[in-house]
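Written out below as structure tokens is the structure these notes cover.
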Amino acid sequence: MFRNQYDTDVTTWSPQGRLFQVEYAMEAVKQGSACVGLRSSTHAVLAAVNKPASELSSYQRKVFRVADHAGVALAGLTADGRVLSRFLRNECINHSFVYEAPLPVSRLALKLADKAQVCTQRSWKRPYGVGLLVAGLDESGAHLYYNCPSGNYFEYQAFAIGSRSQAAKTFLERRFQGYNDYTPEQLIKDALSAIKETLQGEKLSSSNCTVAIVGRKEDGTIEPFEMIGAARIQELIDSMEVAEEAPAEEASSMQEEERGPEDAAAAAPAPMDI
């Protein structure tokens, strides 16, 4: 992308039917740290990479609680994300005060999309440079939505946004068909595995990721949206690493058994001539 005569404000259409300022905002989402969301029929999980701006600074929060039944994860301009999460929090409080019931997740995503869309039709405003994964629970079950800076929103079984998110999407596309029957622990493990795909060689640990979950227990009571503790995340990561190492050890032992003593003797180094 480069500067041209059609990107001076958000209301100017290009001859190709494009709004460049909106596309620039969507590009900002791609540059943000990766976030992953996935859901089963009863639970929804959000995970994000903790990426500090420099070695001397701490990371900025990417996962926010909106209400007891909903939360968001964001990629892009974190300052815009904080403003939008505060807006969603106010909407949930107002709806609960008036109707004495939680705001449905679909309505929550719609209100967020409407707010983002207004910024694409006002020349004195700019689009929000942040994409949000909205996860929540209502009477119809668990839901996951992606809200785009353009004002569009889509419901997903699993999705990833941010930098290097394509690797996480590829991982989720291979496994999403069974997510409806997953337990909360299985969802969290797959969220961590998807986050690991975006790190490109960096070791996954509890210090560089945040995970949150919301859902409904078997007795029908709601588990409020909460961040999972670092100790619990590290336990799950350790168990995943052990599970990954076990098949590799079995395969190597089987290869050694198949080789036999003669192959082993042939593979041994020849003695040096003195």
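Test Leu103 against the stated conditions and say whether it is within 23 Å of Val45 (Cβ to Cβ), touching a Cys at 6+ places or on another chain (Cβ under 6 Å) and of a type outside the set (Val, Ile, Thr).
Yes.
Taking the range 6-61 as the search range and keeping residues that are in contact with a Lys or Arg (Cβ under 8 Å, 6 or more places away or on another chain) and polar (S, T, N, Q), which one is farthest from Ile188 (Cα to Cα)?
Thr11
Restricting the search to the range 62-78, which residues are touching a residue at least 60 places away in the same chain (Cβ under 8 Å), part of a loop (DSSP other than H, G, I, E, B) and farther than 30 Å from Glu100 by Cβ?
Answer for the range 62-78, where residues must be touching a residue at least 60 places away in the same chain (Cβ under 8 Å), part of a loop (DSSP other than H, G, I, E, B) and farther than 30 Å from Glu100 by Cβ: just Lys62.
All but one of (1) open to solvent by 90 Å² or more (accessible area, probe 1.4 Å); (2) under 15 Å from the mean Cα position of the chain (by Cα) hold for Val72, so report the exception by its number.
In the conditions (1) open to solvent by 90 Å² or more (accessible area, probe 1.4 Å); (2) under 15 Å from the mean Cα position of the chain (by Cα), Val72 misses (1) alone.
So Tyr24 passes all but one of these: (1) within 30 Å of Gln200 (Cα to Cα); (2) among the aromatic types (Phe, Trp, Tyr); (3) open to solvent by less than 50 Å² (accessible area, probe 1.4 Å). Which condition number does it fail?
Tyr24 satisfies all of (1) within 30 Å of Gln200 (Cα to Cα); (2) among the aromatic types (Phe, Trp, Tyr); (3) open to solvent by less than 50 Å² (accessible area, probe 1.4 Å) except (3).
Looking only at residues that are in a loop (DSSP other than H, G, I, E, B) and either in contact (Cβ under 8 Å) with a residue 24 or more places away in the chain or touching a His at 6+ places or on another chain (Cβ under 8 Å) (or both) in the range 33-58, which one is most open to solvent (accessible area, probe 1.4 Å)?
Lys51
How many of the residues making up the range 136-150 are under 25 Å from Thr120 (Cβ atoms) and of a type in the set (A, V, I, L, M)?
1
Do any strands (runs of 3 or more DSSP E) lying entirely in the range 81-200 carry at least 3 residues that are open to solvent by 50 Å² or more (accessible area, probe 1.4 Å) and either closer than 30 Å to Thr8 by Cα or at pLDDT 95 or above (or both), and which ones are they?
So the answer is 153-155.
Of everything in the range 201-227 that's of a type in the set (Val, Ile, Thr) and crowded, with 20+ Cβ neighbours inside 10 Å, which residue is farthest from His69 (Cα to Cα)?
Thr210
Any idea how many residues of the range 225-241 are acidic (Asp, Glu) and closer than 22 Å to Gly136 by Cα?
Of the residues in that region, 1 qualify.
Cβ-Cβ under 6 Å, sequence separation 6+ or interchain: first residue in the range 203-225 and more than 20 Å from Glu235 (Cβ to Cβ) and among the basic types (Lys, Arg), partner open to solvent by less than 70 Å² (accessible area, probe 1.4 Å) and outside any strand (DSSP E or B). Which pairs?
Final answer for the pair search is Arg216/Thr42.
The values are calculated or read from the model by the stated rules, or taken from the named source; none is laboratory data. The structure displayed is predicted, hence computed values, not measured ones. Please note: Cβ atoms are built from the backbone with ideal geometry, for glycine as well, and neighbour counts cover all protein chains shown. Note: accessible area is taken over every heavy atom of the protein model, side chains too, but ligands, DNA and RNA are not part of it. Shrake-Rupley method; radii C 1.70, N 1.55, O 1.52, S 1.80 Å.
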